[in-house]
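**Student:** Here's a structure for you.
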Amino acid sequence: MLASRFYMPTLREAPADAEMPSHRLLLRGGFIRPLSAGIFTWLPLGQRVLQRVENVVREEMNRAGAHEVLMPVLHPRDLWERSGRWDTFQPTPLRVTDRAEREFCLGPTHEEVITDLIAMDLDSYRELPVTLYQIQVKFRDEIRPRGGLIRGKEFIMKDAYSFDRTREGLDTSYDAMYDAYVRIFERLRLPVVVVEAEAGSIGGTDTREFMLLSENGEDTVYMCDSCDYASNAECATAMAPEPIEPAAESHRELVSTPDAKTVEQVTGMLGTTPDRLVKTLLYRTDEGFIAALVRGDRSLNEFKLARIVHGESLRMADEAEVRELTGARVGFAGPVGLPENVRIIADYEVQAMSDFVTGANQDDAHFTNVNLGADFEPDEFADLREACHGDSCAHCDSGALQARRCIEMAHVFKLGTNYSEALDATFRDADGHEQPCIMGCYGIGVSRIVSALVEQYHDDAGIMWPRESAPFDATILLLSPDDEELRAVADNLYAELREAGIEVLYDERDASPGVKFAEADLIGAPVRAVVGRTTKKEGKVELRRRVDGEEQLVPLDEAVKAIVTLLGDA
RNA sequence: CGGGGCGUGGCGCAGCUUGGAAGCGCGCCUGCUUUGGGAGCAGGAGGCCGCCGGUUCAAAUCCGGCCGCCCCGACCA
């Protein structure tokens, strides 16, 4: 590609409101341009990167035996009604109405469409297993887009879906996708960590996320510093402490705590600390009320609570409900003296506490010196709290959990039969019985990978693309375009490299050397070849590897070979 | 949705407190010079000051409303 004829509008300074390095550099380098919050146009450079990333994904999907399809963006309401997600998917899908008042949503994900597709043609177990995938734009009405391509309202995702006749078959399909993902991230040079995860609005089991550790990430994972346990903060578990003996006799005391509603206010007033208080959080489900107890300095993990109570409609009790249950304002709830029908679930950690503070279920009062056994008995104990940095690992003897920020790159789930049952994707088994097929679902954030690559591979001057994702493999800088001898050398090198199958950006523009160097660093092709005064004097080309700045001078007739070698480990 | 910040030539910003001729740097155009790290000199073009309304003799500046963008939080494959 001749730089003089290529569209690559670079910016000397990034817009002030772009903060993340990837966002700034992609804008400055002329890879993307914003249209609206969380919505971007891909410029030629960005499109080249995107296509290269897509191709790595595509090749590995095909290698794993998946077949590519392309599904619609507009999904009819009826389909989403049948899966039950029209009203429940979060964030609520973007909805549109056509001229005949038919309702559609812009697909945020494609379980419904793919399951319906399979249902149309699936008859016999002989047709399974099958895995289909697509690389498609998704729309999510995100609460808050951020970080450029990291979280957009509109983004590109590779989503694959497997259909099997047995659970064992699903395991095989799942493993094939998992392995393909490992290869994809190896090829892209993204050192991901695979962690346990929540299934969210998709549903399913055995969910794993592929995370890139990055200070600029928006997720948190906990990793054990001793064993290989790693989990999204949404479901990480810490070692539960040893329970202590329940107290035989009560010696709790009622104390006045006027207007003290928060843990800090109560413990401050009573001269104690949050880890000596038990917090009582009241929830409502379809089946009734729940009191969840955690230590005062801990956060309740609602995913964990929801899993225990199988509560699809879990929500915090409102003010009126709290008053009805406790007879007090919000802020004074406690486990002692709650109505019989409130199910009390206590975090394991509470089992190791004694003489603690709780709400007294009356306005402006708390109990001190409360104990399990003597004062109340929970219906059950469970892991309810969020893990914290430094907690003991629950999976080994010696490790501690370390919190790390990260960017979610991919997610795999075993879906089971939720969708196949709802949408009648069934087949006849060998015995002639009708069975729902067993599904798996596997997503990769393709556009997000582009951002993640920049976060991982950049310096102050610009981007340092690994070869698989680079917009160009190499760039030639012709520093004196008016010198006919040098131009002939550079033209020739350009032709030879192209013949060798190398994608080259040839900067033969009538611009100053400084501009060419700066833009080459910014755009970030793995290898740079300079044709200039050294070429004139010594007949040599100057090669430089972007990622580490390593330079070498090579004779003209060895340049192509040297560049190929440099690219080999880029 | 809550909190904070911002909106002035293509980009980065000053001006607003205290109303009175729209500025600076970069970029762009023309000419000459220059050519190894975002060149120099000279000349030039380009702005409904986000939008609507109000106050005033007079509004980029003060007041009200709206829109947009960014950051934090809640939330989230």
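**Student:** Please find, within the range A:212-238, the residue that is nearest to residue A:376 (Cα to Cα) out of those that are surrounded by 17 or more Cβ atoms within 10 Å (Cβ to Cβ) and aliphatic (A, V, I, L, M).
**Tutor:** Selected residue: A:238.
**Student:** Moving on to the next point. Select from the range A:179-211 the residues that are more than 14 Å from RNA strand B (Cβ to nearest atom) and either assigned to a strand (DSSP E or B) or open to solvent by 40 Å² or more (accessible area, probe 1.4 Å) (or both) and list them in ascending order.
**Tutor:** Of everything in the range A:179-211, those that are more than 14 Å from RNA strand B (Cβ to nearest atom) and either assigned to a strand (DSSP E or B) or open to solvent by 40 Å² or more (accessible area, probe 1.4 Å) (or both) turn out to be A:179, A:182, A:183, A:186, A:187, A:189, A:191, A:193.
**Student:** Among the listed residues A:57, A:73, A:53, A:49, identify the single one that is closer than 20 Å to residue A:445 by Cα, more than 16 Å from RNA strand B (Cβ to nearest atom) and in contact (Cβ under 8 Å) with a residue 60 or more places away in the chain. Break it down into steps so the answer makes sense when it comes.
**Tutor:** Details: A:57 fails: more than 16 Å from RNA strand B (Cβ to nearest atom); A:73 fails: more than 16 Å from RNA strand B (Cβ to nearest atom); A:53 fails: more than 16 Å from RNA strand B (Cβ to nearest atom).
Sole residue among the options that is closer than 20 Å to residue A:445 by Cα, more than 16 Å from RNA strand B (Cβ to nearest atom) and in contact (Cβ under 8 Å) with a residue 60 or more places away in the chain: A:49.
**Student:** To continue, here is another question. If the requirement is being among the basic types (Lys, Arg) and open to solvent by 20 Å² or more (accessible area, probe 1.4 Å), which of these qualifies: A:63, A:85? Talk me through it step by step, then tell me what you get.
**Tutor:** Details: A:85 fails: open to solvent by 20 Å² or more (accessible area, probe 1.4 Å).
Being among the basic types (Lys, Arg) and open to solvent by 20 Å² or more (accessible area, probe 1.4 Å) holds for just one of A:63, A:85, which is A:63.
**Student:** Return the total of residues in the range A:88-108 being modelled with pLDDT of 90 or more, within 14 Å of RNA strand B (Cβ to nearest atom) and part of a loop (DSSP other than H, G, I, E, B).
**Tutor:** 2
The rows are residues; the columns are (1) of a type outside the set (A, V, I, L, M, F, W, C); (2) within 16 Å of RNA strand B (Cβ to nearest atom).
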{"site": "A:258", "(1), (2)": "yes, no"}
{"site": "A:264", "(1), (2)": "yes, no"}
{"site": "A:278", "(1), (2)": "no, no"}
{"site": "A:290", "(1), (2)": "no, no"}
{"site": "A:296", "(1), (2)": "yes, no"}
{"site": "A:301", "(1), (2)": "yes, yes"}
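**Student:** Mind telling me which of the residues A:126, A:165 ends up being touching a Cys at 6+ places or on another chain (Cβ under 7 Å), more than 11 Å from RNA strand B (Cβ to nearest atom), open to solvent by 30 Å² or more (accessible area, probe 1.4 Å) and at pLDDT 90 or above? Break it down stepwise before answering.
**Tutor:** Values: A:126 fails: touching a Cys at 6+ places or on another chain (Cβ under 7 Å).
Going through A:126, A:165 in turn, just one is touching a Cys at 6+ places or on another chain (Cβ under 7 Å), more than 11 Å from RNA strand B (Cβ to nearest atom), open to solvent by 30 Å² or more (accessible area, probe 1.4 Å) and at pLDDT 90 or above: A:165.
**Student:** Here's a follow-up. Assuming residue A:532 fulfils every condition listed in (1) in the same structural domain as residue A:555 (by TED's automatic domain parsing); (2) more than 16 Å from RNA strand B (Cβ to nearest atom) apart from one, which condition is it?
**Tutor:** Failing condition for residue A:532: (2).
**Student:** Here is a further query. Please tell me if residue A:463 is more than 28 Å from residue A:206 (Cβ to Cβ), aliphatic (A, V, I, L, M) and at pLDDT 95 or above. Don't jump to the end; show me each part of the working.
**Tutor:** Values: more than 28 Å from residue A:206 (Cβ to Cβ): yes; aliphatic (A, V, I, L, M): yes; at pLDDT 95 or above: yes.
Criteria met by residue A:463.
**Student:** For residues that are on the phi < 0 side of the Ramachandran plot, open to solvent by less than 70 Å² (accessible area, probe 1.4 Å) and in a loop (DSSP other than H, G, I, E, B), tally how many sit in the range A:330-345. Give the derivation first.
**Tutor:** Residues of the range A:330-345 on the phi < 0 side of the Ramachandran plot: A:330, A:332-336, A:338-345.
Restricting the remaining residues to those that are open to solvent by less than 70 Å² (accessible area, probe 1.4 Å) gives A:332-336, A:338-339, A:342, A:344-345.
Then drop every residue that is not in a loop (DSSP other than H, G, I, E, B), which leaves A:332-336, A:338-339, A:342.
So the count comes out to 8.
Rundown of residues vs (1) more than 22 Å from the chain's Cα centre (by Cα); (2) open to solvent by less than 50 Å² (accessible area, probe 1.4 Å); (3) modelled with pLDDT of 85 or more, yes/no style:
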{"site": "A:3", "(1), (2), (3)": "yes, yes, yes"}
{"site": "A:9", "(1), (2), (3)": "yes, yes, yes"}
{"site": "A:12", "(1), (2), (3)": "yes, no, yes"}
{"site": "A:16", "(1), (2), (3)": "yes, no, no"}
{"site": "A:22", "(1), (2), (3)": "no, yes, yes"}
{"site": "A:26", "(1), (2), (3)": "no, yes, yes"}
{"site": "A:29", "(1), (2), (3)": "yes, yes, yes"}
{"site": "A:33", "(1), (2), (3)": "yes, no, yes"}
{"site": "A:42", "(1), (2), (3)": "no, no, yes"}
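**Student:** For residue A:83, state whether it is at pLDDT below 90, outside the structural domain of residue A:525 (by TED's automatic domain parsing), among the small types (Gly, Ala, Ser) and within 15 Å of RNA strand B (Cβ to nearest atom).
**Tutor:** On the way: at pLDDT below 90: no; outside the structural domain of residue A:525 (by TED's automatic domain parsing): yes; among the small types (Gly, Ala, Ser): yes; within 15 Å of RNA strand B (Cβ to nearest atom): yes.
No: the conditions fail for residue A:83.
**Student:** Follow-up question, since we're still on this one. So residue A:111 fits all but one of (1) open to solvent by 20 Å² or more (accessible area, probe 1.4 Å); (2) within 16 Å of RNA strand B (Cβ to nearest atom); what number is the exception?
**Tutor:** Of everything listed in (1) open to solvent by 20 Å² or more (accessible area, probe 1.4 Å); (2) within 16 Å of RNA strand B (Cβ to nearest atom), residue A:111 misses just condition (1).
**Student:** Among the residues of the range A:358-375 satisfying the criterion of being more than 39 Å from the chain's Cα centre (by Cα) and buried (at least 21 other Cβ atoms within 10 Å of the Cβ), which is nearest to residue A:319 (Cα to Cα)?
**Tutor:** Taking the range A:358-375 and keeping what is more than 39 Å from the chain's Cα centre (by Cα), we get A:360-375.
Still in the list and also buried (at least 21 other Cβ atoms within 10 Å of the Cβ): A:360-361, A:366-367, A:370, A:372, A:375.
Numbers: A:360: 17, A:361: 13, A:366: 18, A:367: 21, A:370: 25, A:372: 27, A:375: 26 Å.
Of everything passing the filter in the range A:358-375, A:361 is nearest to residue A:319 (Cα to Cα).
**Student:** Here is a follow-up. So which pairs qualify, if the first residue must be in the range A:256-271 and closer than 11 Å to residue A:366 by Cβ, the second must be acidic (Asp, Glu) and surrounded by 12 or more Cβ atoms within 10 Å (Cβ to Cβ), the Cβ gap must be under 7 Å, and the two must be at least 6 apart or on different chains?
**Tutor:** Within 7 Å, the pairs are A:256/A:364; A:257/A:364; A:258/A:364.
**Student:** Could you please find all residues in the range A:150-162 being open to solvent by less than 20 Å² (accessible area, probe 1.4 Å) and of a type outside the set (Lys, Arg)?
**Tutor:** First, the residues of the range A:150-162 that are open to solvent by less than 20 Å² (accessible area, probe 1.4 Å): A:150, A:152, A:158-162.
If the condition is that a residue be open to solvent by less than 20 Å² (accessible area, probe 1.4 Å) and of a type outside the set (Lys, Arg), then A:150, A:152, A:159, A:160, A:161, A:162 are the ones that fit.
**Student:** Within the range A:488-510, count every residue that is over 20 Å from residue A:466 (Cβ atoms) and surrounded by 15 or more Cβ atoms within 10 Å (Cβ to Cβ). Show your work before the answer.
**Tutor:** Filtering the range A:488-510 down to residues over 20 Å from residue A:466 (Cβ atoms) leaves A:488-496, A:498-499, A:506-510.
When the remaining residues are screened for being surrounded by 15 or more Cβ atoms within 10 Å (Cβ to Cβ), the result is A:489-491, A:493-494, A:496, A:506-509.
So the count comes out to 10.
**Student:** Another question about this same structure. Go through the range A:260-305 and give me each residue that's within 33 Å of the chain's Cα centre (by Cα), of a type in the set (A, V, I, L, M) and open to solvent by 30 Å² or more (accessible area, probe 1.4 Å).
**Tutor:** Listed by number, the list holds a single entry, A:281.
**Student:** Sticking with this structure for a sec: Which residue pairs have Cβ atoms closer than 6 Å, lie 6 or more positions apart in sequence or on different chains, and pair a first residue in the range A:331-343 that is closer than 16 Å to residue A:285 by Cβ with a second residue that is open to solvent by 10 Å² or more (accessible area, probe 1.4 Å) and in a loop (DSSP other than H, G, I, E, B)?
**Tutor:** A:343/A:379
The values are calculated or read from the model by the stated rules, or taken from the named source; none is laboratory data. Please read these numbers as outputs of a predicted model, since none were measured by experiment. We place every Cβ from the backbone using ideal geometry, glycine too, and count neighbours over all the protein chains shown. Please note that ligands, DNA and RNA were not included when accessible areas were found on the heavy atoms of the full protein model with its side chains. Shrake-Rupley method; radii C 1.70, N 1.55, O 1.52, S 1.80 Å.
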